[in-house]
Amino acid sequence: MGQQISRRLFLKGGLATAAGLAASSIPGTAAATQPDEAKQLATLLDIRKCIGCEACMEACSEVNFNKYPDPKKPFPKMYPNRVPVEDWSAKKDVNDRLTPYNWLFIQHAEVEINGQETELTIPRRCMHCVNPPCVKLCPWGAAKQLENGISRIDADICLGGSKCRKVCPWHFPQRQTGTGLYLDLMPSMAGNGVMYKCDRCYNRIADGESPACIEACPEDVQTIGPRDEIVKKAHALADEIDGYIYGENENGGTNTIYVSPVPFAELNKAIEKGKGKPHLKSVENTMAQANNLAAAMFVAPIAGIAAAVGKFYKRTK
Ligand code: SF4
Ligand code: SF4
Ligand code: SF4
């Protein structure tokens, strides 16, 4: 009954209030703002050091457990039947790819170093792009970029349409059906779930702590700091080991910078790729493409309104 009253309130009077909130929020929406690189935090990953022990993955699951989806079943039937169900709730233990329950996994690459067959292990999760298309092109304002460069998807607002996954050059975000706002708003017509990915432990960083994967690593594979310092460290390390850099310029620049003793083109050939298993190819700046720039300008105000309506709806529930 309470929920019915809330819905009626939302549909009758609430929309006007939400629209007012939206109007005031548009200039500040993530989609409308430009990134300030000077304030962004980046991580450096020294691939040589990683031993593939998976302590980082376990730590990620432990600290982010309460952010994982808890879907309601049976799932509503979709009309039209074009959005496939993506249900990982019975496969929470899958850890050899990204899923809504596994935001970080380890890729394996057999390569030759100084004539010796060597296995390298590479921790993979969202790159936290400096100018993230997942944020700029999310039609609901559910994906946001924080001032420190972290991009995250607000599970309270996301409708699971998966635009973020489509526009991400690595297709990082993963959908879980049967959870989120669509169940209340448009159970048979929306994107059918919520998208999940690494949020760089934004809440831990806000509390002055390190991301769990960094803290748990016994080999100190990752270093976190202001982006300009991390870029300098990455170049110094690459010079020292005669190595290669990935992430500094990919997609116009990311806040995740890998240094490897072998070229990334070789690593990319050696890793298993596919759904939930991202590549290591070089990536052009997707947000510099005219169609994406135009789409971002179009999406920003709509996303601002949608996000404000979504927030208001959550409050009335
Ligand atoms: S890597 Fe993909 S999901 Fe992560 S911030 Fe960039 S576009 Fe978004
Ligand atoms: S930064 Fe946090 S959320 Fe992202 S992979 Fe590491 S532990 Fe997981
Ligand atoms: S905890 Fe460190 S060494 Fe172990 S797999 Fe993760 S990054 Fe590699």
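The values are calculated or read from the model by the stated rules, or taken from the named source; none is laboratory data. Note that the structure is predicted; figures quoted are calculated from it, not measured. Neighbour counts are summed over all protein chains in view; Cβ atoms, including those assigned to glycine, are modelled from backbone coordinates with ideal geometry. Ligands, DNA and RNA are stripped out before the accessible areas are found, and what is left, the full protein with its side chains, is counted by its heavy atoms. Shrake-Rupley method; radii C 1.70, N 1.55, O 1.52, S 1.80 Å.
Things to note:
- Exposure check, 1.4 Å probe, all protein chains in place: residue 170 carries approximately 10 Å² of accessible surface.
- Protein-only accessible surface order, largest first, of 279, 108 at 1.4 Å: 108, 279
- Over 22 Å between alpha carbons, listed pairs 136/197; 163/232; 166/197; 163/275; 144/232; 91/277: 163/232; 144/232
- Estimated FRET transfer efficiency when R0 is 22 angstrom, pair residue 54-residue 166 (beta carbons, to 0.05): 0.15
- Residue-span extension gain [residue 79 to residue 91] - 0.36 nm each, minus C-alpha spacing: 1.7 nm
- Potential lengthening between residue 65 and residue 215 on full extension [0.36 nm per residue; Cα-Cα distance subtracted]: 52.3 nm
- In this rough spin-label picture, where each label sits 7 Å from Cα along the Cβ direction, the residue 282-residue 72 distance is 5.0 nm.
- With DNA, RNA and ligands ignored, accessible area of residue 273 (1.4 Å probe; Å², nearest 10): 90
- For the range 84-188, the solvent-accessible area of protein heavy atoms averages 36 Å² per residue (probe radius 1.4 Å; ligands and nucleic acids excluded).
- Simple rule: put +1 on each Lys or Arg Cβ and -1 on each Asp or Glu Cβ in the range 171-295, find the dipole, and look at 252, 187, 292; the Cα lying farthest toward the positive end is 187.
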